[in-house]
Amino acid sequence: MATPESPQGFPYGVEVEEGKTYLWCSCGKSAKQPFCDAAHKGTEFVPIKYTAEASKRVSFCGCKHSKKGAVCDGSHNRI
Ligand code: FES
């Protein structure tokens with residue numbers, strides 16, 4: 001299994017809107033972090049869909065090693 005790039009070693013804080021869907025970059029190559037810009041094409045990675053249940057600030061994973069997918073789970077402290 002390929003290893004994703006880690007654009008940064010800490011999360012991206014983003015204000016999300018209730019009901020809106022976001023595509024989180026899982027490959028780490030997107031220039032629009034933490035979201036997908038289709039840079040994964042040709043790799044085995046695909047973006048992960050995140051639908052906001054409420055309007056709030058979300059910590060999206062920036063290291064690309066979170067076990068919770070798009071959302072930071074603190075894994076960046078262990079890499
Ligand atoms: S930034 Fe990836 S787990 Fe926190």
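The values are calculated or read from the model by the stated rules, or taken from the named source; none is laboratory data. Source: prediction; values computed, not measured. Cβ atoms come from the backbone with ideal geometry, glycine included; neighbour counts cover every protein chain shown. Quick note on the areas: whole protein, heavy atoms, side chains included, nothing else; ligands and nucleic acids left out. Shrake-Rupley method; radii C 1.70, N 1.55, O 1.52, S 1.80 Å.
A few remarks follow.
- Accessible area of the chain belonging to carbon and sulfur atoms, whole % at 1.4 Å probe: 50
- The number of Lys pairs in the chain with C-alpha atoms less than 21 Å apart, excluding pairs fewer than 8 positions apart on the same chain, is 20.
- Radius, Kirkwood style, for the chain when every pair of distinct Cα atoms is counted (Å): 12.5
- Placing pseudo-labels 7 Å out from each Cα toward the beta carbon at ALA54 and ARG78 gives an inter-label distance of 2.7 nm.
- The packing ranking, built from the mean of other Cβ atoms within 10 Å per residue, places the peptides 28-36, 12-20 in the order 28-36, 12-20, highest first.
- The charge dipole of the chain, taken about its Cα centre with unit charges on the Cβ atoms of Lys, Arg (+1), Asp and Glu (-1) only, comes to about 140 debye.
- Heavy-atom accessible area per residue - the chain, 1.4 Å, Å²: 61
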